[in-house]
Amino acid sequence: MAAKREQEPITMDTFLSGLWRENPVFVMLLGMCPVLAVTNTTENALAMGLATTFVLVCSTGLVSILRDFIPKEVRIASYIVIIATFVTVVDYAIQAISLEIYNALGAFIQLIVANCMILGRAEAFASRQPLGKTLVDALGVGAGFTLALLCLGTVRELLGAGEILGVQVFPDGFEPWVIMLLPPGGFFVLAGWLLLFAWLKERQNQRAAAAKEATADGR
Amino acid sequence: MSAADSTQAPQAPSPTSSLRLVFTLGLIALCSGLLVVSVVEWTRPIIADNHERALQQAVFDVIPGAVERRDFVLTEQGLVPKEETDARGEVIHAGYTEDGALAGIALEASGRGYADVIRILYGYDPACECIVGMSVLESQETPGLGDRIETDPDFLGSIEGLDASLTEDGTELKHGIRTVDPGEREEPGDIDGITGATVSAEAIGDMLHRSANKQLPQLQGHWSELERNE
């Protein structure tokens, strides 16, 4: 089965499944800790999304290259060492790029190592697939994670501060909903997005059922 | 057990030798270590430069008119430029105007806030014996509430020009610095508090008082040593 899957070619769907159909946040509910904690501004959400994507792409790529070399008994330990290495790299890189973003993200950069989404992709996909396919999958999943963080970050910053990326959007008279910048705001906005996606999916299913019924009646 | 049974029994995969396991993990750890050390060495000067620039900007922010900075350490021989001594102690950042006159000094203070320790830098002007500015270096205060200590105009405005003169014997502040309820300032050392950020605002008042009450008496008599900006 695994061998058969390995032979499947790289298609657009390899990338899009992580971005949308198997979105790590909205569908699989993985990596909730940074999703709720550092999405109080769009800038923080984008920085965390890109940092996680970098770690995901590099670590799953290396796991894929070494998949035949790492014995199964020590595979999880090896994956953790590889992920921790790239987390340290990204930690120092962010400090070098911007101290402001580094201070805003705080300990959550180091905690990328504990993000089950990364270990999950390494174990379930990268350890069984060739490099090219693994990289496309990791980019899709990383883009999906970043998109989800941005969905939360923009709404929370807009409602909590009346701004997006520090640019004022609402007029001066707008009273910011401070709770949106606090941890409960993360839960509210996440619940809102999950509700929206569930409704969209339900509507899609109903339309598909109606179309099927119409086809059956016509026949 | 029959011969047929023994041939059909699934064969368990032979376990990997311990040597191979140790070798694999050791090699991965070695490569990881090399990569991490390379990145740390490569980014170290850039990060140090970022910290230096952030400190420089903070010093200029809290000392109005300052365009140049020199760091001093208070030793038994008086104030000595930091680069000329190995002595440890509180660093005094002196800010100078364009024509080389002393514009003020910046001192660091820290204390327990609502969420975690807050670190601030505040400016002191010996000419007016007052605090002339404050900037938050590090804070984990609640976004939208406690972090207003960085933005609230009334709070920050009441710190600018805050009296920090010493008693006649120069051993302590004449007026203690404290944070009071908004709009209820009575004493020269009172700071306007922030509704919704009471703990954070009071923490700033406390740390300003503790730091100024300890450091300013020690610096008495050393101001002329800061004037030697060549």
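The values are calculated or read from the model by the stated rules, or taken from the named source; none is laboratory data. For clarity, every value in this text was computed on a predicted model and none was experimentally measured. Please note: Cβ atoms are built from the backbone with ideal geometry, for glycine as well, and neighbour counts cover all protein chains shown.
Those residues that are touching a Lys or Arg at 6+ places or on another chain (Cβ under 9 Å), under 18 Å from B:Asp61 (Cβ atoms) and of a type outside the set (A, V, I, L, M, F, W, C), I need them from region B:100-143; list them, please. Correct list: B:Glu108, B:Ser110, B:Glu138, B:Ser139.
Residues considered: B:Ser110, B:Ser135. Of these, the only one that is among the small types (Gly, Ala, Ser) and within 14 Å of chain A (Cβ to nearest Cβ) is B:Ser135. State whether one or more residues within region B:144-151 are crowded, with 16+ Cβ neighbours inside 10 Å, more than 22 Å from B:Ile63 (Cβ to Cβ) and free of Cβ contacts under 8 Å to residues at least 12 places away in the same chain. There is at least one residue in region B:144-151 that is crowded, with 16+ Cβ neighbours inside 10 Å, more than 22 Å from B:Ile63 (Cβ to Cβ) and free of Cβ contacts under 8 Å to residues at least 12 places away in the same chain. Against the test of being surrounded by fewer than 16 Cβ atoms within 10 Å (Cβ to Cβ) and more than 16 Å from B:Ala106 (Cα to Cα), the options B:Glu168, B:Glu141 yield a single qualifying residue, B:Glu168. For region B:59-104, the set of residues classified as within 20 Å of B:Ala212 (Cα to Cα) and of a type in the set (Asp, Glu) consists of B:Asp61, B:Asp71, B:Glu76, B:Glu90, listed by residue number.
Assess whether B:Phe155 counts as being crowded, with 22+ Cβ neighbours inside 10 Å and in contact (Cβ under 8 Å) with a residue 60 or more places away in the chain. Here the answer is no, as B:Phe155 does not meet what is asked.
With the structure loaded, tell me whether B:Arg53 is surrounded by fewer than 15 Cβ atoms within 10 Å (Cβ to Cβ) and away from chain A (no Cβ under 14 Å) or whether it fails that test.
Against the criterion (surrounded by fewer than 15 Cβ atoms within 10 Å (Cβ to Cβ) and away from chain A (no Cβ under 14 Å)), B:Arg53 does not qualify.
The sole residue among A:Ala143, A:Ala138, A:Ala126, A:Ala161 that is touching a Cys at 6+ places or on another chain (Cβ under 9 Å) and small (Gly, Ala, Ser) is A:Ala138. Only one entry of A:Ile76, A:Ile94 meets the criterion of being in contact (Cβ under 8 Å) with a residue 12 or more places away in the chain, within 21 Å of A:Val35 (Cα to Cα) and assigned to a helix (DSSP H, G or I), and that entry is A:Ile94. Looking only at region A:178-197, residues that are in a helix (DSSP H, G or I) and in contact with a helix residue (DSSP H, G or I) (Cβ under 9 Å, 6 or more places away or on another chain) come to 13 in all.
Residue count for region A:80-107 satisfying the condition of being more than 7 Å from chain B (Cβ to nearest Cβ) and either acidic (Asp, Glu) or under 14 Å from B:Cys31 (Cβ atoms) (or both): 5. Across region B:135-156, the qualifying residues are those that are part of a loop (DSSP other than H, G, I, E, B) and closer than 20 Å to A:Ile101 by Cβ, and the one among them that is farthest from the chain's Cα centre (by Cα) is B:Gly144.
Results for (1) modelled with pLDDT of 90 or more; (2) among the hydrophobic types (A, V, I, L, M, F, W, C); (3) in contact with a helix residue (DSSP H, G or I) (Cβ under 6 Å, 6 or more places away or on another chain), shown as yes or no for each residue.
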residue	(1), (2), (3)
B:Ala101	no, yes, no
B:Ala106	yes, yes, yes
B:Ile120	yes, yes, no
B:Asp169	no, no, no
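The set of residues from region A:169-205 being out of contact with any Lys or Arg (no Cβ under 6 Å at 6 or more places or on another chain), closer than 27 Å to A:Val27 by Cβ and within 14 Å of chain B (Cβ to nearest Cβ) comprises A:Ile179, A:Leu181, A:Leu182, A:Pro183, A:Pro184, A:Gly186. A:Lys201 meets each of the listed conditions (1) touching a Ser or Thr at 6+ places or on another chain (Cβ under 9 Å); (2) closer than 19 Å to A:Glu22 by Cβ apart from (1). The residue of region B:78-89 that is surrounded by the most Cβ atoms within 10 Å (Cβ to Cβ), among those that are assigned to a strand (DSSP E or B) and of a type in the set (A, V, I, L, M), is B:Leu79. The listed residues are B:Asp152, B:Asp147, and the only one of them that is within 14 Å of chain A (Cβ to nearest Cβ), touching a Ser or Thr at 6+ places or on another chain (Cβ under 7 Å), under 30 Å from A:Leu158 (Cβ atoms) and not polar (S, T, N, Q) turns out to be B:Asp147. For region B:90-134, the tally of residues that are assigned to a strand (DSSP E or B) and crowded, with 18+ Cβ neighbours inside 10 Å stands at 26.
For region A:159-168, enumerate the residues that are loosely packed, with under 13 Cβ neighbours inside 10 Å and either modelled with pLDDT of 85 or more or within 12 Å of chain B (Cβ to nearest Cβ) (or both).
Matches in region A:159-168: A:Leu165, A:Val167, A:Gln168.
Among residues that are within 13 Å of another protein chain (Cβ to nearest Cβ) and either hydrophobic (A, V, I, L, M, F, W, C) or in contact with a strand residue (DSSP E or B) (Cβ under 9 Å, 6 or more places away or on another chain) (or both), B:Asp125 is not included. All of B:Val36, B:Val40, B:Val59 fail the test of being exposed (fewer than 15 other Cβ atoms within 10 Å of the Cβ) and either within 11 Å of another protein chain (Cβ to nearest Cβ) or assigned to a helix (DSSP H, G or I) (or both), apart from B:Val40.
Checking each residue in region A:36-79 for being within 12 Å of chain B (Cβ to nearest Cβ) and touching a strand residue (DSSP E or B) at 6+ places or on another chain (Cβ under 9 Å) picks out only A:Thr41.
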